[in-house]
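The values are calculated or read from the model by the stated rules, or taken from the named source; none is laboratory data. Only a predicted model underlies this, so the values are computations on that prediction, with no experimental measurement involved. All Cβ positions, glycine included, derive from the backbone under ideal geometry; neighbour counts span all protein chains shown.
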């Protein structure tokens, strides 16, 4: 019969349990890297979805302007437009609708550099803008904001190609959801 009371363990052959500190640090580093990649991807997807929403919203607001204006015969002023186009007060914003006019009678407009009071004195290469619709959202690396001019498709304002429409924001131009400035 064997004697179970005397068990001899040879050096280096003992039982090992658990992880070493180096292994744990390696696992933490890998998990941290995966989490960083995952968070960046989720943030990027969120910004792309928000940008797509802005593109749809400004396109919808543009359609409402043309509908109310009888295809451009009468361009409604911003306050009247928001009251008639979105009377239920749904929150869209902040989105802005700016009607082009001649704020500096006889000196041209800052929006499009076309003098509506004296069109002959304006640069013939400049487009005469009727209205601009844009969001004030910063879409991170995708674009600064989204805008539409008259009947054109939505455009992305980037750092290099920013037409500067946000400089013309007044609180009354904002639609539902716009912050009072």
Residue 96 modelled with pLDDT under 90 and in contact with a helix residue (DSSP H, G or I) (Cβ under 6 Å, 6 or more places away or on another chain): yes
Residue ID - modelled with the highest pLDDT, chosen from residues in region 108-127 that are assigned to a loop (DSSP other than H, G, I, E, B) and more than 18 Å from residue 164 (Cβ to Cβ): 125
Qualifying residues in region 36-83 (those that are more than 21 Å from residue 128 (Cβ to Cβ) and touching a helix residue (DSSP H, G or I) at 6+ places or on another chain (Cβ under 6 Å)) - the one surrounded by the most Cβ atoms within 10 Å (Cβ to Cβ): 64
Flag if residue 103 is at pLDDT below 70, under 27 Å from the mean Cα position of the chain (by Cα) and closer than 27 Å to residue 156 by Cβ: no
Qualifying residue in region 128-139 (condition: modelled with pLDDT of 65 or more, closer than 19 Å to residue 65 by Cβ, surrounded by fewer than 20 Cβ atoms within 10 Å (Cβ to Cβ) and within 20 Å of the chain's Cα centre (by Cα)): yes
